[in-house]
Amino acid sequence: MTEQTQMQAPHKEANVYASREDFHTIFNEDLRQLYQLSFLLTRDPAKAERCLVVGLEDCVRENRVFREWARSWAKRVIVQNAICELKPRPIHSNSRLSEVHFLRY
């Protein structure tokens, strides 16, 4: 009986995580909202589109995201990619580190 329980555990565990198909479904169903988020963060249609495409690629590449968190994860990845797309850089000044400001180039 313990052998059968041990054999079933990996199958059950695999179903808890989001698959590539799950992320493809999320991006298809929420495409408008995800693009809007990307556009609001980047303020540029080309950057927003790049951010969205890279976001899908990043989500598909992830191997351990809980299925219940997949939609939130997709939004998180979009935000991360938007930040990278904007390439913020600290302003050089004589101020303390706690007062760092960022410029967008």
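Bear in mind that the values in this text are calculations on the coordinates, not laboratory data. If you're wondering where the values come from, they're calculated on a predicted model, not measured in any experiment. Cβ atoms come from the backbone with ideal geometry, glycine included; neighbour counts cover every protein chain shown.
For A48, what charge total do you get from the other residues with a beta carbon under 13 Å from its beta carbon, if Lys and Arg give +1 and Asp and Glu give -1?
Values: positive: R32, R43, K47, R50; negative: D44, E49, E85.
Charge balance in the 13 Å sphere: +1.
Please list the non-local residues whose amide H lies under 5 Å from the amide H of Y17, H modeled 1.01 Å from N, same-chain partners needing a gap of 5 or more.
R67
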